[in-house]
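S.K.: My questions will all concern the structure given below.
The values are calculated or read from the model by the stated rules, or taken from the named source; none is laboratory data. Since the structure is predicted, the reported quantities are computational estimates derived from the model, not experimental observations. Every residue, glycine among them, receives a Cβ derived from its backbone with ideal geometry; neighbour counts consider all protein chains shown.
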C-alpha cells in the first residue's frame with residue numbers, strides 16, 4: 001500500500017497550477033504550501049491526508065510514471081482536459097488502451113518536469 005509520493009520539480013508555480021487543475025476532478029485539493037530555507041513544498045490531498053508532494057529540493061529526474069485512478073470515463077476526460085489547459089503536454093488522449101485490456105480507459109500527459117502522468121478508469 002502506498003502512503004504518499006514525492007516528485008521533484010524545477011518550477012513550483014507551474015507545477016502548482018497544473019496539478020491544481022488536473023487533480024480537481026479526482027477530488028484532490030492543494031492542502032499544503034510552505035517554503036523552508038529556500039525550498040518550496042506543496043502537497044495535494046483528498047480529505048485531510050496529503051498523498052502527493054512536490055518539492056524543489058533536489059535535481060530533477062524525469063521519466064517517473066504516476067497513475068491516478070478515476071471513477072469514470074468522464075473524470076479521465078476532465079482531468080486530461082484540465083491538465084492540457086494548465087500547460088501539460090499531450091502524451092496520449094483519453095481512450096481505450098486495448099493493449100492492456102478492453103476496459104482500460106486512460107489518458108496521459110507530461111507535466112512541467114517531463115513526468116508521465118496517467119489517469120485511468122477500469123484498471
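S.K.: Looking at segment 1-37, which of the residues that are free of Cβ contacts under 8 Å to residues at least 12 places away in the same chain, out of contact with any strand residue (DSSP E or B) (no Cβ under 9 Å at 6 or more places or on another chain) and not in a strand (DSSP E or B) is farthest from residue 116 (Cα to Cα)?
M.R.: 37
S.K.: Looking at 101, 65, 73, which one is under 13 Å from the mean Cα position of the chain (by Cα) and either closer than 17 Å to residue 118 by Cβ or modelled with pLDDT of 95 or more (or both)?
M.R.: Result of the check over 101, 65, 73: 65.
S.K.: Out of the residues in segment 80-111 that are in a loop (DSSP other than H, G, I, E, B) and out of contact with any strand residue (DSSP E or B) (no Cβ under 9 Å at 6 or more places or on another chain), which is surrounded by the most Cβ atoms within 10 Å (Cβ to Cβ)?
M.R.: Among them, the one singled out is 86.
S.K.: Give the residues of segment 42-79 that are assigned to a helix (DSSP H, G or I), touching a residue at least 40 places away in the same chain (Cβ under 8 Å) and buried (at least 17 other Cβ atoms within 10 Å of the Cβ), sorted by residue number.
M.R.: Selection gives 75, 76, 78, 79.
S.K.: Given the structure, is residue 110 without any contact (Cβ under 8 Å) to a residue 40 or more places away in the chain and under 11 Å from the mean Cα position of the chain (by Cα)?
M.R.: When the stated conditions are applied, residue 110 passes them.
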